[in-house]
1. Suppose we filter the stretch 61-102 for residues that are β-branched (Val, Ile, Thr) and at pLDDT below 95; how many remain?
Amino acid sequence: MPPAHIVSHNPATVHAPAGGYCMGLEVTQHRRLLFISGQVPQRSDGTVPDGFEAQCEQAWRNVKEVLAAAGLGVAHLVKVNTFLTDRNQLVTNRSIRRAMLGEHQPALTVVIVETVDSNWLLEIEAIAAE
């Protein structure tokens with residue numbers, strides 16, 4: 001199924017978004033919404049990859065697997081919240097997110113936090129619309 005009809009809003013009166021996202025996405029027509037719980041960098045066998053880059057890629061794979069289970073893809077994402085454990089992860093996170101999303105630019109929030117498990121260097125939650 002194609003994504004819901006989505007309209008981007010990046011008003012000239014607000015600072016321009018940097019890093020592959022938009023200020024607001026309006027879902028004008030949709031049939032369903034998918035709320036994706038925070039995905040941690042854990043593989044299906046319970047292991048956690050070493051290093052931020054591998055963990056970020058794993059968390060995104062998990063997001064994409066949840067989307068696929070619902071018959072959706074990254075083009076359906078309308079909102080992504082990323083929780084990082086260190087500011088130094090920002091550039092790598094942005095690069096991996098752009099690679100995972102391609103040209104798609106959902107609304108986005110990135111915050112620095114402490115994760116529940118200290119082995120997890122990030123967590124990603126999302127909302128998708130069809």
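The values are calculated or read from the model by the stated rules, or taken from the named source; none is laboratory data. From a predicted model like this one, the values you see are computed outputs, not experimental measurements. Glycine also receives a Cβ, built like all others from the backbone with ideal geometry; neighbour counts cover every protein chain displayed.
1. Restricting attention to the stretch 61-102, the residues satisfying the condition of being β-branched (Val, Ile, Thr) are 63, 66, 74, 78, 80, 82, 85, 91-92, 96.
When the remaining residues are screened for being at pLDDT below 95, the result is 78.
Going through the stretch 61-102 one residue at a time, the tally reaches 1.
Let's see how each residue does on (1) in contact (Cβ under 8 Å) with a residue 60 or more places away in the chain; (2) aromatic (Phe, Trp, Tyr); (3) at negative phi:
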residue	(1), (2), (3)
HIS9	no, no, yes
HIS15	no, no, yes
VAL27	yes, no, yes
ARG31	yes, no, yes
SER37	yes, no, yes
PRO41	yes, no, yes
THR47	no, no, yes
PHE52	yes, yes, yes
